[in-house]
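Beneath this line is the structure, given in structure tokens, with notes to follow.
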Amino acid sequence: MLSRRQLLKTGVAGAALLGLARLAYGPITPDSLYAVPAKARFKVLDAESRTALAAIARVMLKGALPRDEAEYETALYQAVLGCDTAIAGLPMGVQAEVKELLALLNSRVTRRWVVGVGASWETASDEDIAHFLNRWRFSSFLLLRSGYQALHQIVFAAWYGNPQAWVGIGYDGPPKFMEGYWNA
Amino acid sequence: MPKDVIAEGLASGKWDVRDAATFMRDQTLEADVVIVGTGAGGGVAAEILSLAGLKVVMLEEGELRYASKHFNLKEAEAYPTLYQESAGRQTKDKGITILQGRTVGGSTTVNWTSSFRTPPTTLAFWRDHYGLDDMTVENMAGWFGKAEKRLSVIDWNVEPNVNNQVLMSGADRAGIHWSKIRRNVKACLNLGYCGMGCPANAKQSMLITTVPTALDRGATLLTHLRAERVLQEGGKAVGVEGMAMNHSGLEPVGIKVTIKAKTVLLAGGAINTPALMLRSYLSDPHGLIGKRTFLHPVNVSGALMPFKVEGWQGAPQSIYSDHFIDAFPPDGPMGYKLEVPPLHPVLTAITMSGFGEKHRQLMQHFDRLQVVLALMRDGFHEDSRGGSVSLKADGTPLLDYPISDYVWRGMRHSYLTMAELQFAAGATRVMPIHEDVPGGGYSSWAEAKAAIQSLPLEVLRAKVVSAHVMGGAAMASKAEQGVVDGYGRFFNLDNLYVMDGSVFPTSIGANPQLSIYGLAARNASSLAKTLTGKDIAWPV
Ligand SMILES: Cc1cc2nc3c(=O)[nH]c(=O)nc-3n(C[C@H](O)[C@H](O)[C@H](O)COP(=O)(O)OP(=O)(O)OC[C@H]3O[C@@H](n4cnc5c(N)ncnc54)[C@H](O)[C@@H]3O)c2cc1C
Ligand code: SF4
């Protein structure tokens, strides 16, 4: 097992090695609604991290994402956008930690050896990703468990914070009658 | 049209409220008393000291957000704007997630209104172990009574929501005693969104009670201002230096604000107050600042009921059980209080373990989900010493809270109790919130009982949370044992006081807000008398 220090080193070194962002955000061709430059919409996530998080969210949110293909793409895009918002709301120190985690996911070396996903995030199968998540989730290594928990927290907060995600969970949202309360 | 006390106060032109995020240059203010933090302790102190005619300046790191303008009941907006660290503050090993407020009114703006006086056993423990001889039930009763009157603490006679009813009926059937929770509300609409800021100003938080009175009495409120350090000169505290934060509250904008004051009162809440003290390099000969920070660590048990629960509706907490507080002496096996939390989609989804289809299956039954919490009474046994606050490189606080075997034993015991009573109340499935519990949980009490006995109890497997942070600047009669005395006076520097949840030498063993209100009222009244020679009538 790697020590925390070693892990962080590989993470950081891995990220440094990586240098250029190779992967554009794959699965989505922005429709007119989202046809704004990526930079303007995403506050913290770079293209690579978006790809990694989209792959992870796709697996974590299985069953929650809509089945219809077009809706699915938009929903997944929104989930990643939600992750971006969630991360951007964290204190700077914590954001730095999340970025370290993302660097670990993104670097080719650590993705293969620490994360255990050989293929790029774009091509990794759902099974590979679920396997990685469970390996971290039940790891005897505290740092990996906390990495899993961080992803769990970010992805589910991003998804269920969006009113569109409340369909199918028997929740109608906050009581409507409060909306006009102060102007009644 | 209902009236919002904050909107009206701002519109009156009489309030002095300044948003430091908009400051263009460094500035200096003067005050009789500068108060850091506008939560339970700071709010009460600000009201009493300004009633005494003192010039009070209140500093608040968070924003001034209020019902008629901001409280729209959406978690995605409430957590980043009203809570410390987006409601995701974590202990050093990330094993415990902590909810604390960061807004005008502090945690009282987002709390769940449960109101308990400090339990007699807790006061007795403080008298016996910390020399706080005058903290008898009789002496404190008057102060709790005054606070209850000021903040409208009432018997809540509305029918409990189903989430609470399950705790009640399950406890009955399992032979565990329970009682009703009192609440600090006026004309409560029984909505259940207290955690996102009460949209109807029914909750009598500091935001709509003491802070407005202080402003009416000429106090100044500076928002988006993080107190960085206490200024010291010649053995005295002489003010506070703060940094203006940007609108999101995440980054300093590079503007310094200095408040010169004859008296400095810290009320940033546990974790934050000790951190401010550490940043100030205050004398700390016994190394006590930040030590013995308590959390009432909470473990959680979910259940699927054969009927609708809709845990997002209705007063979030109306029933509790102290069966396992009363069953054990404070220094015996870990005692715990049973309560339920409000259930909203984000907090529920991030709390439930697992992912993919399993997680979704659970969320599909969100309306039938029932959840019980067990709050550990930490800090009374020598194997429960709480956590310790240190500073990160950027000066922000970090709490290290290792969970001892003693505390874990309490959690295993409570997992069993919670499962037993959830099944007794008719649950079809019970799932202790723990990664090793199979998705969908257990289908019978016998199965749950056997499985819980062998659950590995470790952080980041068992879900552990907290909404009650206490201690870290403990009071005691002697400097070897405490950071402040029983009146909140700091032992090692004149004119410096602490009046918030950080002064408790142990956890409270009950939801802490009323303990803070009562003690802060007593100590602020005493301070007012010292500074002005007057007895202050409170509440007015
Ligand atoms: C979600 C939730 C539910 C709860 N439910 C209940 C309940 O039902 N019953 C109950 O009894 N208790 C409840 N509590 C706990 C209770 O509200 C707190 O224990 C209590 O408010 C703590 O009071 P305090 O004065 O110590 O600090 P707080 O009320 O937390 O106030 C501290 C304030 O100081 C500010 N601050 C901190 N550091 C600085 C700085 N350096 N500069 C400027 N400002 C600063 C913070 O932003 C914050 O606004 C709940 C808490 C939460 C978070
Ligand atoms: S239940 Fe609703 S109306 Fe009542 S205090 Fe809570 S948020 Fe306000």
What is the extension gain from residue B:177 to residue B:260, computed as 0.36 nm multiplied by their sequence separation minus the C-alpha to C-alpha distance, in nm to one decimal?
24.6 nm
Taking only protein heavy atoms and a 1.4 Å probe, the highest-to-lowest accessible-area order of A:71, B:251 is A:71, B:251
Of the residues B:131, B:199, B:105, the Cα lying farthest along the dipole of chain B towards its positive end, which is defined by charges on the beta carbon of Lys, Arg, Asp and Glu, belongs to B:199
Run the numbers for residue A:95 and residue A:43: contour at 0.36 nm per residue of separation, minus the present Cα-Cα distance, in nm.
17.6 nm
10 Å binning of all Cα-Cα separations within chain B, expressed as whole percents from 0 upward:
4, 20, 31, 27, 14, 5, 0
Distance in nm between residue B:453 and residue B:10 label points, each 7 Å along Cα→Cβ, equals 5.9
Per-pair calculated FRET efficiency, R0 = 25 Å: residue B:69 and residue B:149 via Cβ, rounded to 0.05:
0.30
Whole angstrom only: what separates the Cα centroid of the stretch B:217-296 from the Cα centroid of the stretch B:76-138?
18
Would you mind computing, in nm to one decimal, how far apart the modelled labels at residue B:540 and residue B:357 are, each placed 7 Å from Cα along Cα→Cβ?
6.5
When the charge dipole of chain B is computed with +1 at the Cβ of Lys and Arg and -1 at the Cβ of Asp and Glu, the Cα pointing farthest to the positive end, of B:10, B:66, B:460, is that of B:10
For residue B:229, distant residues with modelled amide H under 5 Å away
B:241
Apply the a/c threshold of 1.5 to the C-alpha gyration tensor of the stretch B:344-480 and tell me whether it is rounded, prolate or oblate.
prolate
Put +1 on the Cβ of each Lys and Arg and -1 on the Cβ of each Asp and Glu in chain B; which of B:432, B:389, B:54 then has its Cα farthest toward the positive end of the dipole?
B:54
Could you work out the mean count of beta carbons from other protein chains within 10 Å of each residue's beta carbon in B:480-491?
0
Here the whole-number average of other chain Cβ atoms within 10 Å per Cβ of A:58-68 is 3
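In peptide A:176-182, how many Cβ atoms from other protein chains are near each Cβ within 10 Å, on average?
Per residue, the average neighbour count from other chains is 5.
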For residue B:101, other-chain or 5+-apart residues with amide H closer than 5 Å (H placed, Pro excluded) are B:84, B:107
I'd like the accessible area for residue B:480, computed on protein heavy atoms only with a 1.4 Å probe and all protein chains in place. Round to 10 Å², please.
100
Going by average Cβ density within 10 Å per residue, which order do the peptides A:102-109, B:443-450, B:414-421 take, highest to lowest?
B:414-421, A:102-109, B:443-450
How much of the accessible area of the stretch B:460-536, probe 1.4 Å, is carbon plus sulfur, in whole percent?
45
Over both sides of the B-A contact, add up the buried accessible area with a 1.4 Å probe and give it to the nearest 100 Å².
4200
How big is the shadow of the Cα convex hull of the stretch B:142-291, averaged over all directions, in nm²?
14.2
Under a point-charge model restricted to the Cβ atoms of Lys and Arg (+1) and Asp and Glu (-1), what is the dipole moment magnitude of the stretch A:47-170 relative to its Cα centre, in debye to the nearest 20?
460
Once the piece of chain linking residue B:478 and residue B:428 is laid out straight, how much longer is it, given 0.36 nm per residue of separation minus the C-alpha distance between them?
12.6 nm
Going from most exposed to least, what order do B:308, B:149 have by accessible area with a 1.4 Å probe?
B:149, B:308
When ligands, DNA and RNA are left out and all protein chains stay put, how many square angstrom of accessible area per residue does the protein assembly as shown have with a 1.4 Å probe?
37
Going Cα to Cα from residue B:463, which aspartates and glutamates come in below 12 Å? Please leave out same-chain ones fewer than 8 positions away.
B:435, B:436
Per DSSP, loop GluC sites (Glu not before Pro) in the stretch B:332-397 with at most 12 further Cβ within 10 Å
B:382
For the stretch A:79-184, what relative contact order do you get, as a whole percent, if you take Cα pairs closer than 8 Å and at least 6 residues apart?
30
Percent relative contact order for the stretch B:399-540, counting Cα pairs under 8 Å at least six residues apart, stands at 14
What distance in nm separates the simple spin-label points at residue B:409 and residue A:142, each placed 7 Å from Cα in the Cβ direction?
2.2
Starting with the highest mean, order B:429-441, B:365-377 by the number of other Cβ atoms within 10 Å, averaged over the residues of each peptide.
B:365-377, B:429-441
With angles folded into 0 to 90 degrees, how steeply does helix B:120-130 sit against the dominant principal axis of chain B? Use alpha carbons for both and round to 10.
60
Explain nothing, just the number: relative contact order of chain B, from Cα pairs under 8 Å at least 6 residues apart, as a whole percent.
23
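The values are calculated or read from the model by the stated rules, or taken from the named source; none is laboratory data. Since the structure is predicted, the reported quantities are computational estimates derived from the model, not experimental observations. A quick note on method: Cβ atoms are made from the backbone with ideal geometry, for glycine too, and the neighbour counts reach across all protein chains shown. What goes into the accessible areas is simple: the full protein's heavy atoms, side chains included, and nothing from ligands, DNA or RNA. Shrake-Rupley method; radii C 1.70, N 1.55, O 1.52, S 1.80 Å.
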